[in-house]
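What follows is a short report on a single structure.
The values are calculated or read from the model by the stated rules, or taken from the named source; none is laboratory data. All figures in this text were calculated on a predicted structure; none of them were measured in a lab. Every residue, glycine among them, receives a Cβ derived from its backbone with ideal geometry; neighbour counts consider all protein chains shown.
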Amino acid sequence: MKRLLVVEDDPDIRELLRYNLTREGFEVLQANNGAEGLKMATSEAVDLIILDLMLPQLSGIEVCKKLRELPNTKSVPVIMLTAKGEETDIVFGLGVGADDYMVKPFSVKELVARVYTRLRTIKAEEREEADVIRQGAVEVDRARFQVKVDGGQIPMTLAEFRLFNALISRPGIVLSRDRLLDAVTGGDGVLIDRNIDVHVRSIRKKLGESRDLIQTVRGLGYKFKEL
């Protein structure tokens, strides 16, 4: 059974999430402020955290930053909830390490769907690098650094391959330009064209009729269409 942590100071929203997530078969832990949420996240083995942005004691931003600094929580997926629909708040949340976001009021069904998506993504990320990823007509062989569309191989630069691999490995998840830049550089210090938008345009052109699988999320970044 997957264990989720809900960090939300509104008792009605917290209970709504607990009820619906429990019905889906998840074990749900709860915290009503940022400090308590951070303590539970670091002391309990949780598979995913639903984190409100505006929290007493420690804000959701502060909690998320601390989670990403700690070895036992840096890889735990975080879905951030915010009552603010402004792009700057959402971008900031994604920038400090949140994996996804939802603006209040939100659809519980959509939130549950995103929880499943994140957990599937984590499962995919745990696979060996030699695995072949298939999404629709597109196939990525990470061991051979090959991308195929409808069975035909298409050429990609190393930067394009790394960027495309990051997107297709996380279908439905918005990746900010900063996160994509980290994926492109690979942490090896290689000097490459850092204009993510240029790389995306090039990849779309090479994908041909499958170009729409890479979706632009205005002001935030890009995501691979969930099939």
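If I filter the stretch 194-202 for residues that are modelled with pLDDT of 85 or more, in a helix (DSSP H, G or I) and touching an Asp or Glu at 6+ places or on another chain (Cβ under 7 Å), do I get at least one hit? Yes, the conditions are met somewhere in the stretch 194-202.
Among residues of the stretch 25-48 being in a loop (DSSP other than H, G, I, E, B) and more than 21 Å from the chain's Cα centre (by Cα), the one that is surrounded by the fewest Cβ atoms within 10 Å (Cβ to Cβ) is GLY25.
Remark: LEU51 matches the filter, which requires a residue to be more than 20 Å from ASP182 (Cα to Cα), aliphatic (A, V, I, L, M) and in a strand (DSSP E or B). For the stretch 54-71, taking the residues that are under 22 Å from LYS104 (Cα atoms) and in a helix (DSSP H, G or I), the one that is nearest to the chain's Cα centre (by Cα) is identified as CYS64. Starting from the stretch 99-120, keep only residues that are in a helix (DSSP H, G or I), then list their pairs with residues that are of a type in the set (S, T, N, Q) whose Cβ atoms are within a distance under 6 Å, requiring at least 6 positions of separation or different chains. From the stretch 99-120, the pairs are VAL108/ASN20. Among the residues of the stretch 121-140, the ones that are out of contact with any Gly (no Cβ under 9 Å at 6 or more places or on another chain) and at pLDDT 90 or above come to 2 in all. Here GLU62, GLU36, GLU69 are screened, and the one residue that is acidic (Asp, Glu), in contact with a helix residue (DSSP H, G or I) (Cβ under 9 Å, 6 or more places away or on another chain), over 19 Å from TYR116 (Cα atoms) and without any contact (Cβ under 8 Å) to a residue 40 or more places away in the chain is GLU62.
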